[in-house]
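The values are calculated or read from the model by the stated rules, or taken from the named source; none is laboratory data. Everything numeric in this text was worked out from a predicted model, so none of it was measured. With ideal geometry, Cβ positions are generated from the backbone for all residues, glycine too; neighbour counts draw on all protein chains shown.
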Amino acid sequence: MIYRKLGKSDVEISAITFGAWAVGGWMWGGTDEAQSIAAIRKAIELGITSIDTAAVYGFGRSEEIVAKAIEPCKREDLQILTKFGLRWDISEPAPERWKTTGRDGKPATVSHWAKADGIIHECEQSLKRLNTDYIDVFQQHWPDPGTPVDESAEALTKLLAQGKIRAVGESNFSVELLDEISHQIPIASNQPPYSMVNRGIEDDVLPYCVENDISVIVYSPLQRGLLTGKITPGYEFHGDDHRANSGLFKGENLNRTNAFLNEIRPIAESHGATLAQLVINWTLNRPGITAVLVGARNPKQAEENAKALQFDLSEDETASINEKLDALELTS
Ligand SMILES: NC(=O)c1ccc[n+]([C@@H]2O[C@H](COP(=O)([O-])OP(=O)(O)OC[C@H]3O[C@@H](n4cnc5c(N)ncnc54)[C@H](OP(=O)(O)O)[C@@H]3O)[C@@H](O)[C@H]2O)c1
């Protein structure tokens with residue numbers, strides 16, 4: 001495993017970080033707590049020291065599962081990244097993100113909410129659920145169009161001064177918003193989506209972050225399982241699994257992606273690696289990428305993903321993958 005510092009902060013994370021969204025169950029068709037805990041522990045056993053979660057993942061459940069998984073570990077050996085700003089527990093009018101089903105099975109609305117008192121409250125709640133007295137990286141999950149960034153920055157400055165958080169990160173922030181908030185408070189990292197089939201950040205966010213020493217921790221590098229090659233036509237998703245409605249997992253997009261994966265499969269095989277490992281390795285080695293957040297639902301997936309850096313891609317292999325990717329046309 002390799003470890004990298006985030007921006008100008010003193011937080012160092014593992015370049016493969018465990019993504020704990022799916023283990024929260026919400027939007028992933030439920031969770032198996034024992035398997036989730038075993039997945040996180042397997043990742044830690046194999047050198048992953050960092051775990052990314054969020055208050056909204058399973059409406060607190062992911063953070064609680066992370067707390068149980070890391071109970072036997074020394075807190076200072078790990079880095080916990082969590083997120084605030086997507087609230088399912090407020091009734092004030094706020095820009096809505098989803099209408100969904102809550103943890104209690106009742107209808108819930110998830111809203112953008114990054115007001116100062118909301119941030120302080122969310123930090124306290126996350127500390128309780130995570131059973132810890134500090135968070136390594138506290139990230140705003142999505143921008144809140146209803147709150148000026150200086151209000152959020154003030155609350156975060158207070159939390160930094162109190163030692164309740166070690167560093168501030170953003171997620172899904174545009175260049176304009178990153179620039180605005182960076183003038184108020186040091187931003188250690190930004191967390192955007194990035195995968196072989198979702199490379200939009202290469203145009204703007206990635207170069208901005210590199211130039212301004214903001215680390216880039218990318219999410220969904222396996223495109224939520226699609227790039228493992230296991231999703232074939234007719235694949236069944238269960239319960240509220242959001243992938244059932246994603247155009248990338250259907251029709252011509254799915255056929256073309258799988259054809260591409262079959263073309264690059266020999267490169268994986270020549271290294272004794274799986275497609276998932278090849279995809280993770282390629283993603284982390286793209287210029288400017290600091291770390292990849294990879295989700296896993298069980299110890300087998302966690303082990304496969306954690307071992308993705310055990311081989312090096314040659315320049316020729318990388319060029320060949322890039323050439324095939326350039327020829328891959330998907331519709332949105
Ligand atoms: N900031 C944000 O807005 C945001 C948004 C999304 C994600 N994230 C973060 O990024 C993390 C990773 O992203 P993600 O979970 O969306 O997607 P991902 O890492 O691309 O895919 C994870 C999913 O793929 C499947 N999988 C993983 N490893 C596998 C393997 N070796 N073989 C076969 N299947 C495998 C698992 O689901 P199945 O077994 O069910 O197929 C797993 O839950 C999240 O957990 C979260 O921490 C952040």
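Summary table below
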read-out: When residues of segment 22-53 are limited to those that are under 15 Å from residue 102 (Cα atoms) and touching a helix residue (DSSP H, G or I) at 6+ places or on another chain (Cβ under 7 Å), the one nearest to the ligand (Cβ to nearest atom); value: 28
read-out: Residue satisfying all of: in segment 110-129; in contact (Cβ under 8 Å) with a residue 60 or more places away in the chain and crowded, with 23+ Cβ neighbours inside 10 Å; nearest to residue 60 (Cα to Cα) among these; value: 126
read-out: Per-region count, segment 93-113, residues in contact with a Phe, Trp or Tyr (Cβ under 8 Å, 6 or more places away or on another chain) and within 14 Å of the ligand (Cβ to nearest atom); value: 3
read-out: Answer from 161, 155, 188 - the residue that is without any contact (Cβ under 8 Å) to a residue 12 or more places away in the chain and either among the aliphatic types (A, V, I, L, M) or within 11 Å of the ligand (Cβ to nearest atom) (or both); value: 161
read-out: Evaluation of residue 63 against (1) part of a helix (DSSP H, G or I); (2) of a type outside the set (A, V, I, L, M); (3) without any contact (Cβ under 8 Å) to a residue 24 or more places away in the chain; (4) in contact with a strand residue (DSSP E or B) (Cβ under 8 Å, 6 or more places away or on another chain) (one fails), failing number; value: (3)
read-out: Meets criteria (at pLDDT 95 or above, within 28 Å of residue 11 (Cβ to Cβ), within 15 Å of the ligand (Cβ to nearest atom) and surrounded by 17 or more Cβ atoms within 10 Å (Cβ to Cβ)) for residue 231; value: no
read-out: Selection from segment 268-281 of residues that are touching a helix residue (DSSP H, G or I) at 6+ places or on another chain (Cβ under 8 Å) and closer than 13 Å to residue 228 by Cα; value: 268, 273, 274, 275, 276, 277, 278, 279, 280
read-out: Close pairs (8 angstrom Cβ cut-off, 6 or more residues apart or separate chains): among the aromatic types (Phe, Trp, Tyr) in segment 215-235, at pLDDT 95 or above and within 9 Å of the ligand (Cβ to nearest atom) anywhere; value: 219/19; 219/52; 219/171; 219/191; 219/192; 219/193; 219/293
read-out: Among (1) part of a strand (DSSP E or B); (2) of a type outside the set (Gly, Ala, Ser); (3) surrounded by fewer than 20 Cβ atoms within 10 Å (Cβ to Cβ) - the single one residue 104 does not satisfy; value: (1)
read-out: Identity of the residue in segment 271-303, more than 9 Å from the ligand (Cβ to nearest atom) and not in a loop (DSSP other than H, G, I, E, B), that ends up farthest from residue 15 (Cα to Cα); value: 299
read-out: Residue 318 vs. criteria under 19 Å from residue 260 (Cβ atoms), among the β-branched types (Val, Ile, Thr) and either assigned to a helix (DSSP H, G or I) or at pLDDT 95 or above (or both); value: yes
read-out: Every residue from segment 236-262 that is touching a residue at least 12 places away in the same chain (Cβ under 8 Å), outside any helix (DSSP H, G or I), in contact with a helix residue (DSSP H, G or I) (Cβ under 9 Å, 6 or more places away or on another chain) and exposed (fewer than 15 other Cβ atoms within 10 Å of the Cβ); value: 238
